[in-house]
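A.B. asks: This is the structure, below, for whatever I ask next.
The values are calculated or read from the model by the stated rules, or taken from the named source; none is laboratory data. Just so it is clear, the structure is predicted and the values come from calculations on it, not from any experiment. Just the protein is used for accessible areas: all its heavy atoms, side chains included, with ligands, DNA and RNA removed. Shrake-Rupley method; radii C 1.70, N 1.55, O 1.52, S 1.80 Å.
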Amino acid sequence: MTTPTDHPRPHPEPHPPAQRPAMRARLRAASQGAHAAVPGVPRWARIAALSVPLTVLPSGIWRIVVVHDGTDEGRGMGSVPAWLPGEVYVLLLSIVSELLAFAAVGLIAAWGEVWPRWVPVLRGRRVPPLAATVPAAVGASVLTALWTAAAVTDLANVTLRGDPISPDYPGDAGGWSAFVFYLCYAPLLLWGPLLGAVTVAYWRRRRTEPPR
């Protein structure tokens, strides 16, 4: 004679096998929708927009890997509150930077012209062209100036404030460490110009569309 505890019932799977293909299809459709260009977007603008997140990704990976290895502890984090662990700060910085970079894709995708369903109140409404063009243009200008200045001051061995570079600056490590550092950060010089080019294409396309 057996008791109910002799043959425990298996826990139901959170997503039965029959539902998995449908879930994968929905995720694939959502991913394609987030990246797919709307009609009228030039091919060069699509390539430029999709390249923007890739210009930011290497530096984010570099920061995460170096801090995780403990070789960058405390470096460049003087303004970070003491209660915020360096690993958390670097992770958040990398995630936020990548999200900001991904916003450039909105200048070629449908969610840059019509507010997505997950946006309260505005969902389904048309995005005014200036609401996307002005922030994107300002961001492109700031990013271009920032990273150009960073490159110039790096060549001059000073910080953006004009102070001497710290002795433990990664670019002065020499060898492969310095090479990898510059290889990961050099693409950031393209962030601003690429965003600016995509912004111009967005404005040209949207300004001629009929009012809705």
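A.B. asks: Could you tell me how far the Cα centroid of region 148-212 sits from the Cα centroid of region 99-134, in Å?
C.D. replies: Comparing the Cα centres of region 99-134 and region 148-212, I get a distance of 25 Å.
A.B. asks: Go through Phe102, Phe179 and list them by solvent-accessible area, largest first, probe radius 1.4 Å. Present the calculation step by step, with values, prior to reporting the outcome.
C.D. replies: Numbers: Phe102 65, Phe179 110 Å².
I get Phe179, Phe102, largest accessible area first.
A.B. asks: Please report the accessible area of Thr208 (heavy atoms, 1.4 Å probe, ligands and nucleic acids excluded) in Å², nearest 10.
C.D. replies: Approximately 100 Å² of Thr208 is accessible to the 1.4 Å probe.
A.B. asks: Sticking with this structure for a sec: Which value, in Å² and to the nearest 10, is the accessible area of Asp163 when all protein chains are kept and the probe is 1.4 Å?
C.D. replies: Its heavy atoms expose roughly 80 Å² to the probe.
A.B. asks: Something else about it: Could you compute how much accessible surface Tyr182 exposes when probed at 1.4 Å, giving the result in Å² to the nearest 10?
C.D. replies: 90 Å²
A.B. asks: Can you put Thr148, Thr159 in order of accessible area, largest first, using a 1.4 Å probe? Walk me through the numbers on the way to the answer.
C.D. replies: Details: Thr148 70, Thr159 50 Å².
From most accessible down to least: Thr148, Thr159.
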